[in-house]
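All remarks here apply to the structure that follows.
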Amino acid sequence: MKTIMLAFVAALPLSVVAQQADQFTLFPDNGIYLSATDFSTHQLTDGFNDDQPGYRLRDEAFGNAIKVDQPNAPEAKIPLSNLWGERKEGVDYRSFNNDLFRVEHTDRIVIYSKPANTWLASGGSASSATLYYFSREANSPIHLITSENLKDIYYDQPDKTAAFDKLDDVTKPTDKVRQLIRLFYPVDTTHHTAS
């Protein structure tokens, strides 16, 4: 009897894991976020994975819209102004002022990136650079990362003002973003000693 009971108790955790695996739903590679709340809770509208035939998500640059193709359904064209953003090939983008910004970081401060071409005076594109932006919340306006913009938005956090000024001296955009994110994660400077 003890052997049967031990076998039952040993198998119990495996049955719980199997039930959890059945209940776990994968987050789709593509879809639309209708609101900041949908983004925060990973609730995609018209979500699908890259390997599903007949599904496609396309950005319509001139129409400021996103088109969604699904099998056995008419093509849906949704204006960027009517949605928070999209998830495309596993990457999240936010719509703001009829433009899409890639979401890079979302904890304590939201960081976005957007490619920006630099143009030569003689014509043509010299190189492609990435500009970085921020917003205080997932549904707040998006601003270019500068000390002035940061001071305007975080006016209620004077402890960060001097640190924001130092960001203007950083030339590499990725280093500037790293330093900005670190400002929102205070370092514990107390030393713990064993007694």
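The values are calculated or read from the model by the stated rules, or taken from the named source; none is laboratory data. Since this is a predicted model, take the numbers as computed values, not measurements. Cβ: placed from backbone, ideal geometry, glycine included. Neighbour counts: every protein chain shown. Side chains included, ligands, DNA and RNA excluded: accessible areas come from the protein's heavy atoms. Shrake-Rupley method; radii C 1.70, N 1.55, O 1.52, S 1.80 Å.
Between the range 53-109 and the range 145-170, how far is it from one alpha carbon centroid to the other, in angstrom? Computed from Cα coordinates, the inter-centre distance equals 31 Å. Measuring between alpha carbons in the structure, the pairs from Lys88/Lys172; Lys67/Lys166; Lys77/Lys176; Lys77/Lys160; Lys77/Lys151 lying more than 32 angstrom apart are Lys67/Lys166; Lys77/Lys176; Lys77/Lys160; Lys77/Lys151.
Taken along the Cα-to-beta-carbon direction at a fixed 7 Å, the label points for Tyr185 and Asp107 span 0.6 nm.
A Förster distance of 22 Å, applied to the separation of the beta-carbon atoms of Asp168 and Ser140, puts the FRET efficiency at 0.50. Accessible surface for the range 97-188, divided over its residues, is 61 Å² per residue with a 1.4 Å probe.
Using the alpha carbons alone, the radius of gyration of the range 28-89 stands to its Kirkwood radius in an Rg to Rh ratio of 0.95.
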